[in-house]
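The values are calculated or read from the model by the stated rules, or taken from the named source; none is laboratory data. None of these values were measured; they are calculated from a predicted model. Here the Cβ is made from the backbone with ideal geometry for all residues, glycine too, and neighbour counts use every protein chain on show. Heads up: the accessible areas ignore ligands, DNA and RNA and are worked out on the full protein's heavy atoms, side chains in. Shrake-Rupley method; radii C 1.70, N 1.55, O 1.52, S 1.80 Å.
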Amino acid sequence: DRPTIRNPAYSHPSPIPTPAPSDTIPTQLHHAPGHWTTGLCHCFDDPANCVITCVCPCITFGQVAEIVSRGSKSCFSRGLLYGVLLGFTGCACLYSFLYRSKLRGQYDLEEEPCNDCLVHFCCCPLALCQEYRELKNRGFDMEIGWEANMDRQKRGVAMMPIVIPGMTR
């Protein structure tokens, strides 16, 4: 039994270079409009992000905010602001839901399971994880930020194939 190699070019393609990469957001054509690529409660699809978000949600929020704002806001500045709001008011969700709304608008995603503000108010860590996975599934390397993703897009750098052990044909 050989491990199956999943080719990202077919399942999760990398961003395709376009004439004005600094103004574009990578999209994948095989995602149905209006549908999230993962569910709200699928946090363990990315266990590392799940742990980071539970311990320090400002990191995940900063990463999401930088990509959603197309690099106009830095991961550090948004993460710091989120941390300050969380520490002093406990209501950082009243700020973070705005980025969920922007993300939904950019990818024409459904407002589910309820209003964005309620999703962040009731289950903010789950919402942040879902937003992180959504961007990751749409071709972003969340750890390198907007500018580095755009540089990769310009150069046409593809992701390495992912080997899934234990699966057979």
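Lys and Arg at +1, Asp and Glu at -1: add these up for the other residues within a Cβ distance under 14 Å of residue 155 and post the number. Present the calculation step by step, with values, prior to reporting the outcome.
Numbers: positive: 152, 154; negative: 141, 147, 151.
Value of the local net charge: -1.
Counting only protein heavy atoms and a 1.4 Å probe, tell me what percentage of the range 27-107's accessible area is made up of carbon and sulfur. Heavy-atom surface of the range 27-107 belonging to carbon and sulfur, 1.4 Å probe: 69 percent. Accessible area per residue for the range 34-169 is 52 Å², calculated with a 1.4 Å probe on protein heavy atoms, without ligands, DNA or RNA. Using only Cα positions of the range 34-152, each an equal point scatterer, no hydration layer, compute I(q)/I(0) via Debye at q = 0.10, 0.13, 0.23 Å⁻¹ and quote the log10 values to two decimals. Taken in order of the listed q values, log10 I(q)/I(0) reads -0.25, -0.43, -1.49.
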